[in-house]
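Here the structure is laid out as structure tokens; the discussion comes afterwards.
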Amino acid sequence: MIAVIGQSTLDRVRDPAGTVRERLGGSPLYAATALAAVGADAVILTRGGTAELRAPLAGFGFEVVAADGTATFTSEIELLATGERRHAIAALGDPFLPADVRGWMAPHLASAAVVVCGAQWRADFPPETLRLLAKRHLVLLDAQGPVRPARLGPVVPSGPLDSASLAGVGVLKCSEDEAAACAGCGVGVLVVTRGARGATVIEAGRTVDVPGDAVEGLADTVGAGDMFLALLGAALSVGRDVVDATASACAGVTRLLRCRLDSGA
């Protein structure tokens, strides 16, 4: 089983036509979308937002456990017609602490072989939390969190990352924009996503490029990284090697984005 831990975020999204909508975002939503598409067994552990905002999570058939919190991570996203976007952080949420892992998460983590940590900012998963999770699980972490200092305003990746802060992380996923900040971070497996061009796996001194497939004409690619990391975890959980798992994740994200394009969402 896969456990997904992440903030349920409030996203204020401006589309290329200038229309602004508020909607649920964050790793739990997009990971659940991907894992449901491949029939994986998963549990979603989250905090942030209101019950009304989180309501879409109930539609995937997974157990969803939401902890109490005092704040909701809030993003302001401007979508460009090219599929690129401008992203700013308007509010931070409550981090996931070791007490959460030992407390309300514990019974739901017991059967999980893989834990996908969908971090939003640097303090979202403190080093002590990652080390505790890694004692019993393969931990996959989204580097978009560690490379974002705990500050509001436009998102600008900041590094280099301290290897001590990532101790216990088995697989670190980053984008091309985040790769420089992740160089030399000490994690055994680094997977660099390259959008339509696929991904690159860096492991044990070898570098392997995995091809991708472009989805033309889609402006809203928000959540693609979260879907990729969840699908990577799903493939690793059934024993596939990291290069094969990366290829599976690339293909899976392409299928999901094509469905999004076809649906006009």
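Screening the range 54-72 for residues that are at pLDDT below 95 and open to solvent by 60 Å² or more (accessible area, probe 1.4 Å) and picking the one that is nearest to Ala235 (Cα to Cα) gives Asp68. State whether the residues of the range 196-213 include one that is more than 29 Å from Pro16 (Cα to Cα), open to solvent by less than 70 Å² (accessible area, probe 1.4 Å) and of a type in the set (Ser, Thr, Tyr). The answer is yes, given that some residue of the range 196-213 is more than 29 Å from Pro16 (Cα to Cα), open to solvent by less than 70 Å² (accessible area, probe 1.4 Å) and of a type in the set (Ser, Thr, Tyr). State whether one or more residues within the range 150-171 are under 17 Å from the mean Cα position of the chain (by Cα), within 20 Å of Ala235 (Cα to Cα) and of a type in the set (A, V, I, L, M). Scanning the range 150-171 turns up at least one residue that is under 17 Å from the mean Cα position of the chain (by Cα), within 20 Å of Ala235 (Cα to Cα) and of a type in the set (A, V, I, L, M). Candidates Ala37, Ala51, Ala32: the one that is in contact with a Gly (Cβ under 9 Å, 6 or more places away or on another chain), more than 24 Å from Leu166 (Cβ to Cβ) and surrounded by fewer than 20 Cβ atoms within 10 Å (Cβ to Cβ) is Ala37.
Checking each residue in the range 10-23 for being touching a residue at least 24 places away in the same chain (Cβ under 8 Å) and either closer than 25 Å to Pro107 by Cβ or charged (D, E, K, R) (or both) picks out Asp11, Arg12, Arg14, Asp15. Identify the residue in the range 223-265 that is outside any helix (DSSP H, G or I) and open to solvent by 10 Å² or more (accessible area, probe 1.4 Å) and, among all such residues, is nearest to Leu79 (Cα to Cα). That would be Ala265. At least 3 residues being over 17 Å from Gly48 (Cα atoms) and touching a residue at least 60 places away in the same chain (Cβ under 8 Å) is the threshold, and among the strands (runs of 3 or more DSSP E) wholly inside the range 89-203 those reaching it are 114-118, 138-142.
With open to solvent by 20 Å² or more (accessible area, probe 1.4 Å) and over 27 Å from Val64 (Cβ atoms) as the only criterion, which of Ala164, Ala150, Ala90 stands out?
On the way: Ala150 fails: over 27 Å from Val64 (Cβ atoms); Ala90 fails: over 27 Å from Val64 (Cβ atoms).
Exactly one residue qualifies, and that residue is Ala164.
The values are calculated or read from the model by the stated rules, or taken from the named source; none is laboratory data. Note that the structure is a prediction, hence the values are computed from the model and not measured. Counting neighbours? That spans all protein chains shown, and the Cβs are built from the backbone with ideal geometry, glycine included. Just the protein is used for accessible areas: all its heavy atoms, side chains included, with ligands, DNA and RNA removed. Shrake-Rupley method; radii C 1.70, N 1.55, O 1.52, S 1.80 Å.
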